[in-house]
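The values are calculated or read from the model by the stated rules, or taken from the named source; none is laboratory data. Predicted, not measured: the structure shown is a model, and the values here were computed from it. For neighbour counting, all protein chains shown are included, and Cβ atoms are generated from backbone atoms with ideal geometry for every residue, glycine included. To get the accessible areas, we keep the full protein, side chains included, count just its heavy atoms, and leave off ligands, DNA and RNA. Shrake-Rupley method; radii C 1.70, N 1.55, O 1.52, S 1.80 Å.
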Amino acid sequence: MDNLHNKYVWEVPVRVTHWVNFLAIVILSVTGVYIGSPKTLALNPSQFVMGWVRFIHFVTGYVFAVSVISRIYWAFVGNRYAEWREFLPVLTADGRRQMLEMFRYYTFIGKRVPHPVGHNALAGITYLLVFVLYLVMILTGFALYTEHAPQSFGHKALGWMFLLFSNQGMRLTHHMTMWFLLAFAIHHVYSAWLMDVKEKGRVISSIFSGYKPVSGKN
Amino acid sequence: MGKGNDEDKAGSGERMLDMPAILEKRGISRRDFMKFCTAMSAALALPVTFAPRIARALEEVKRPTLVWLEFQDCAGNTEALLRASNPTVAELVLDVLSVDYHETIMAAAGHQAEEALAKVIKEQRGKYIAVVEGSIPLRDDGVYCCIGGRSAVDIAREVCGNAFATIAAGSCAAFGGIPAAAPNPTGAVGVKDAVPGATVINLPGCPLNPDNLTATVVHFLTFGRLPSADSLGRPLFAYGKRIHDACERRPHFDAGQYVEQWGDSAHRKGHCLYKMGCKGPETFHNCPTQRYNEKTSWPVGAGHGCVGCSEPMFWDTMTPFYKRLPTVPGFGIESTADKIGAGLAVATAAAFAAHGVVSAFRHDDKSRGGKEE
């Protein structure tokens, strides 16, 4: 039974974008909450507190956008565990079966612990939703950002966003999506910890090292 | 306005003006006239070298006819235009125009007035300028606003459809404004939606800044065409920048100095009104530089946040006026996005904590690691 070997699962771009996203979301959330409801931190008007907070927010926004786009690109050129099919288990009967199995385990209905090598099927579909939220954040964020330079290339390129949202509605969406992502982060850390304990598959260390212990063929 | 036209009524649209005579009659010095022309070139964001060209245009221009229509409105834009405390110079520009129809200020009434309008449309087709104030109701065949037995939409189609250009003065004429606010019982819309074929330039604002109207007319008289506009049909010289980016309180925003409560020490010192719900960061208008009432002041200058009155559907989308973000649909009035979001995060953490406790006591299989299928 303990015929385990270490398998290289998470390639470098997967791990790098994961941790860049993590850091970016932390920085963007902290600076974003300050921008949304600032406290008076400056003693005189020649200070630049909000200015620097916004600067950090915008630069980090660019970093996050590059990271997300890189990960989407890697979904088409990376290994099978990074591939876009991992995030669409609903497309295959096997994927749907695995989603159900994972759901039964999570809800205490089923006893069998699934032992996936890559993402578990339920996590895969969740990450698809998370990436949709990422894109919502990037698009609303940059659309609002371009308002400082009307008629610029960026403002025109994202002009269609203002047909989908009112200006205030876009701000509300940008705010609420942050909270959805923070709720996801809580779920994500908990689930990783739970499955690390239950699968004994070193899932937490795998996002640092890239390797997971795997039994079976090979 | 309209004074001095008595001897030549509509129909004499192609007549030269004797500007020096008009200036003298009104007691305006050449110097004041040139100052006005310089101010106009500044309002239009033109180099100061354009001032002589504007002066020449105003002196030499053939007088185009202007008709001013009022529909679902409060006449606030007419008020804004007429109340100019030092009107002589700005009013000149409108004297340059032959104002043949303006319900609020014209002497004629009833059928006599409607005849004057009909005459303009007939004799000046494609040459006159129409100014529309107020929204146009479309529901139930437009019965909610009728003048002389005709619906507003019917009048607008004829007058705006045959004009050289239509200036939508104020937020109601530009985007429907307050009459179009939810639930919009009359089906009110702006001019462009009511008469899609018309050439419309939007000058929203509640009220519009009369300087912007004067500048638009001066631009037309000087260059023979309307100023270039953004995707909402608003001229860029007046709506090309956010209030937030030209605001006199902006240094306090960047520094991080905010009014927390009306009348607190930050408010008395003139700090940023961002937390009081100021909509300057989402409103495109030249209020901070052009200001109202002869450049006397403007809302943020007077200590009140911007309410975004020149943006489309501001009454629905910019409320609540004293909060940064809109309320979340389906939740109580006092629920803000952040309260709901923090609640969501706490609830998520609590749910997974409970799940974790249960999981800790589960008996699972003893296999380790991943399994290849």
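Here are some notes:
- Residue count, the range B:225-259 (criterion: facing chain A (nearest Cβ under 7 Å) and among the β-branched types (Val, Ile, Thr)): 0
- The requirement of being within 14 Å of chain B (Cβ to nearest Cβ), part of a helix (DSSP H, G or I) and under 19 Å from A:Thr146 (Cβ atoms) is fulfilled somewhere in the range A:34-44, by at least one residue.
- Qualifying residue in the range A:35-58 (condition: within 18 Å of the chain's Cα centre (by Cα) and without any contact (Cβ under 8 Å) to a residue 60 or more places away in the chain): yes
Yes/no per residue for (1) open to solvent by less than 60 Å² (accessible area, probe 1.4 Å); (2) within 13 Å of another protein chain (Cβ to nearest Cβ):
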site: A:Gly51; (1), (2): yes, yes
site: A:Gly61; (1), (2): yes, no
site: A:Phe64; (1), (2): yes, no
site: A:Ser67; (1), (2): yes, no
site: A:Leu91; (1), (2): no, no
site: A:Gly118; (1), (2): yes, yes
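- Being crowded, with 23+ Cβ neighbours inside 10 Å and not aliphatic (A, V, I, L, M) holds for only one residue in B:Gly149, B:Gly177, and it is B:Gly177.
- Picking from residues in the range B:180-201 that are in a strand (DSSP E or B) and open to solvent by less than 10 Å² (accessible area, probe 1.4 Å), the one that is farthest from B:Ser151 (Cα to Cα) is B:Ile201.
- Residue check for A:Tyr145: open to solvent by 50 Å² or more (accessible area, probe 1.4 Å) and more than 9 Å from every other protein chain (Cβ to nearest Cβ): yes
- Evaluated against (1) under 30 Å from A:Glu101 (Cα atoms); (2) more than 10 Å from chain B (Cβ to nearest Cβ); (3) open to solvent by 40 Å² or more (accessible area, probe 1.4 Å), A:Tyr134 falls short on exactly one condition, (3).
- Any chance A:Tyr190 is open to solvent by 30 Å² or more (accessible area, probe 1.4 Å) and either facing another protein chain (nearest Cβ under 8 Å) or within 16 Å of the chain's Cα centre (by Cα) (or both): no
- Residue satisfying condition, being farther than 20 Å from A:Val49 by Cα and either open to solvent by 40 Å² or more (accessible area, probe 1.4 Å) or aromatic (Phe, Trp, Tyr) (or both), within set B:Thr317, B:Thr283, B:Thr296: B:Thr296
- Taking the range A:9-33 as the range and being within 10 Å of chain B (Cβ to nearest Cβ) and either buried (at least 19 other Cβ atoms within 10 Å of the Cβ) or farther than 16 Å from A:Met178 by Cβ (or both) as the test, only A:Val9 passes.
- Within the range B:37-66, residues that are free of Cβ contacts under 8 Å to residues at least 40 places away in the same chain sit with their Cβ atoms under 7 Å from residues that are among the aromatic types (Phe, Trp, Tyr), at 6+ positions apart or across chains, in these pairs: B:Ser41/B:Phe50; B:Ala55/B:Phe33.
- Taken over the range B:217-241, the criterion of being within 30 Å of A:Thr31 (Cα to Cα) and over 13 Å from the mean Cα position of the chain (by Cα) is satisfied by B:Lys241 alone.
- Within the range B:20-34, the set of residues being of a type outside the set (Asp, Glu) and in contact (Cβ under 8 Å) with a residue 24 or more places away in the chain comprises B:Pro20, B:Ile22, B:Leu23, B:Arg26, B:Gly27, B:Ile28, B:Phe33.
- For the range B:79-89, the count of residues that are surrounded by fewer than 22 Cβ atoms within 10 Å (Cβ to Cβ) and modelled with pLDDT of 90 or more is zero.
- The one condition in (1) without any contact (Cβ under 8 Å) to a residue 12 or more places away in the chain; (2) crowded, with 23+ Cβ neighbours inside 10 Å that B:Gly263 fails to fulfil: (2)
- For the range B:98-127, a residue qualifies if it is surrounded by 21 or more Cβ atoms within 10 Å (Cβ to Cβ) and part of a loop (DSSP other than H, G, I, E, B), and exactly one does: B:Gln124.
- In the range A:198-218, residue nearest to B:Lys366 (Cα to Cα) [restricted to those that are without any contact (Cβ under 8 Å) to a residue 24 or more places away in the chain and crowded, with 17+ Cβ neighbours inside 10 Å]: A:Lys200
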